[in-house]
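First the structure, in the form of C-alpha cells, and then the observations on it.
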Amino acid sequence: MTTQEAAAAAPAEPAARVGSSYKWAVLAVAVTALTTGSIVYSGVSVLMPFWKREYHLSAATAALAATAIQAGPITSMLLMGRAIDRYGERWVVSLTMIAMGVTAFIAAAVGPSYPVLLLFILVMGAFYGSILPGGQRAITRWFEPSLQGMATGIRQSGLPIGATIAGAVLPTLALHHGWKAAAVVQGTAGVLGGIVFAVFYRRAGDTASARKTSVNLGALIAGLVKDRVVRSLLFSGLALAAFQYVFSAQILIFLTDHLHIPIVTAGFMYSVAQAAGIGGRIGLAWISDHFWPGRRMRSLKWVLAFSALPVAALTMLTPGSPRVLSYGLCVLLGLLSVGWYPLYLVQIADIAANQAVASTISFAITLNQIIAAAMPPLFGLLVGTTGYTASWLLLVAVLLVTAVQLHRTQPTAPRLAKETSA
C-alpha cells in the first residue's frame, strides 16, 4: 500500500476539527510536555560541571554526559515516530515521559559511578525520543497550515523554557544539596509531564483507519535523501544542531573554566540564553511566515549566516572582559541557537505525507541527534588540543559553508514522502 493510498483511505482531518478551539488546549499540553521533558533533557548539560568536579573528569569526558542524552533518542526516535504514526501520540508520549522520570529517580537513588550514570542518561534520552515527533504530529493534526509555524514556535518554546528552569534551579539545588537532589527534581518533572499529556491530550478526527497503516521506513528514507533540495535542508539541520548543542553543552564549562565566572552566575547566564531562545523560537517563525511565507529555507540560510557572528565574537572574550559582553553574547547565541528549530521542523513536516509525518520528522531529528551526540565531546577534544579560539572559529566555518550550500538550492522542497511506499 503506498503512502498516497493510505492517505486516501484514511479519513481527512476536517477543517472544523482542526480549527476547533480545543487546539489551544492541545498546544498548551504540547508545550507542557516539552517544557517538563526539557528540564530532564537540558538538565544533563546543566549538571555536567558538577559531575566534572565530583568524578574528576576532563572537559571531553564530562561532555560524554551530553553525548549520552543525545545518543538516547538516536536509538529510539525512528521506532517512536513509527509507533506514533500507527497508534497515536497520546499514550506513546505519556508513557515514555513517565518512564524517563522514573529512570531519573533510579539514578538518584543508586548514586552510580560515572560510567553507570552515563547508561542511565542514555536510557532517559531514549525515552525522550517520543516528545518531539509526538508534539509536532499534534500540531499538524490540530492546526491549519497558516498557523502551524506560529504554533510550532510556541510549542518549541517549551524546550528553552525547560532549559531556563533547569539553569536557574538545578545548579543552586546541586550546589547546596548535591546533584542527586537535582535528579529527583528532573524525574518529578518528567512524570508530571507524562501525566498531563495522558489526561488532557485528545487526537483530532477519526483515526481508526490510520492506525492500520504502517510506514516503510526504508522506502521513506530513500525517497527523502535522493533529492538534492531535501539533502540541503537536512545538512542545514545538521550544522544548526551542531551549533545548538555545542553551545548548550560547552558554554557553562567555557564560562567557568575559561572566563573564570562563578558557577551560579554562569548558570544564570545559561538561563538568560535559553530565555532569549524562547523569543527566538516564536519570533523567528513568525517573522519568516509573515514576511516570507512559504520560504523557510531562505530564513534558515540567514539564520546560519548570522549565527557565525556571535560565535566568532566568543573568541575575543577574556577573563577580564566586561561581564555585560558575556551576557549580551549569551542572549544572541541563545536566540539563534535555539530559535531556528521551529522553522526547520515545519519545513520537514511540509515534505511529509499525512500518514508519515512523525516518521519523517523522526528521521530528520535522528540525523540531528547523531551530530548533537558527537559534537560536544569532539569540541571538547579540540579545545583540549588547540584551545577555544580555533574551536569556535571551526564552528563559524561550518555555519558559513552550510549557509552557502543552502543558498545554492531551491527555496522550497517537494513532498517527496508521498512518493514512498508503506
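Each peptide in 118-128, 296-306 was scored by the mean count of other Cβ atoms within 10 Å over its residues; highest first, the order is 118-128, 296-306.
Helix 388-407 axis versus longest C-alpha principal axis of the chain: approximately 20°, rounded to the nearest ten.
For the chain, with all protein chains present and a 1.4 Å probe, just round the carbon and sulfur fraction of the accessible area to a whole percent. The partial results should precede the final answer.
Values: 10650 of 15360 Å².
With neighbouring chains kept in place, the figure for the chain is 69 percent.
In order along the stretch 153-164, phi translates into HN-Hα couplings of x, 5, 4, 5, 5, x, 5, x, 4, x, 5, 5 Hz, rounded to whole numbers, per the Karplus curve 6.51 cos²θ - 1.76 cosθ + 1.60 with θ = phi - 60° and x for Gly and Pro. For the stretch 231-240, backbone phi angles converted through the Karplus equation (6.51, -1.76, 1.60; θ = phi - 60°) give residue-by-residue couplings of 4, 4, 4, 5, 5, 5, x, 5, 5, 6 Hz, Gly and Pro being listed as x. Between the residues ALA219, SER271, VAL311, the greatest Cα displacement towards the positive end of the dipole of the chain, with unit charges on the Cβ of Lys, Arg, Asp and Glu, is found for ALA219. Per-residue extension of 0.36 nm, minus the Cα-Cα distance of LEU309 and GLU144, leaves a gain of 55.9 nm for this segment. Note on VAL401 and ALA222: with the Förster distance fixed at 22 Å, the Cβ-Cβ geometry gives a FRET efficiency of about 0.25. Kindly express, to the nearest 10 degrees and within the range 0 to 90, the angle between helix 64-87's C-alpha long axis and the longest C-alpha principal axis of the chain. Rounded to the nearest ten degrees, it is 10. Sorting 70-77, 263-270, 195-202 by average packing, meaning the other beta carbons within 10 Å per residue, from highest down gives 70-77, 263-270, 195-202.
Within the chain, how many Lys pairs that are eight or more residues apart, or on different chains, come under 28 Å at the alpha-carbon? Provide the component values of the computation, followed by the final result.
Values: LYS23/LYS212; LYS23/LYS418; LYS52/LYS180; LYS212/LYS226; LYS212/LYS418; LYS226/LYS301; LYS226/LYS418; LYS301/LYS418.
The result is 8.
Go through LEU255, LEU47, THR36 and say which Cα lies farthest out towards the positive end of the charge dipole of the chain; charges sit on Cβ, +1 for Lys and Arg, -1 for Asp and Glu. The residue sitting most towards the positive pole is THR36.
The residues of the chain present an accessible area of 36 Å² per residue when probed at 1.4 Å with all protein chains retained. With runs of 4+ DSSP H residues as the only contributors, calculate the mean residue ellipticity of the chain at 222 nm using -39,500 (n - 2.57) per run, divided by the residue total and rounded to the nearest 500. Helix contribution divided over all residues of the chain: -27000 deg cm²/dmol.
Across the chain, Cα pairs under 8 Å and at least six residues apart give a relative contact order of 29 percent. Backbone geometry of the stretch 37-54 corresponds, through the Karplus equation with coefficients 6.51, -1.76 and 1.60 at θ = phi - 60°, to 3J(HN,Hα) couplings of x, 5, 4, 6, 5, 6, x, 4, 5, 5, 7, 3, x, 6, 5, 4, 6, 5 Hz, x marking Gly and Pro.
Extension gain, VAL110 to VAL199: 0.36 nm times the residue separation minus the Cα-Cα distance gives 29.0 nm. Separation of the stretch 80-113 from the stretch 161-201 is 14 Å, based on Cα centroids. Fully extending the segment from LEU95 to HIS56 would add 10.5 nm, taking 0.36 nm per residue of separation and subtracting the current Cα-Cα distance.
Using a cut-off of 12 Å between beta-carbons, work out the net charge of the residues near GLY111 (Lys and Arg +1, Asp and Glu -1, GLY111 not included). My count for the surroundings of GLY111 gives 0. Across all Cα atoms of the chain, the radius of gyration (one decimal) and Dmax (whole number) stand at 20.4, 66 Å. Using only side-chain charges placed at the Cβ, +1 for Lys and Arg and -1 for Asp and Glu, the dipole size of the chain relative to its Cα centre rounds to 500 debye. Using a Gaussian network model of the chain in which every pair of alpha carbons under 10 angstrom is joined by a spring, one finds that among ARG203, ARG281, ARG86 the greatest mean-square fluctuation is at ARG203.
Judged by the mean number of other Cβ atoms found within 10 Å, the most tightly packed of the peptides 151-160, 23-32, 88-97 leads the ranking 151-160, 88-97, 23-32.
The values are calculated or read from the model by the stated rules, or taken from the named source; none is laboratory data. The model shown is predicted, which means the values in this text are computed figures rather than measured ones. Backbone-built Cβ (ideal geometry, glycine too); neighbour counts: all protein chains shown. All accessible areas refer to the heavy atoms of the entire protein, side chains included, with ligands and DNA or RNA removed. Shrake-Rupley method; radii C 1.70, N 1.55, O 1.52, S 1.80 Å.
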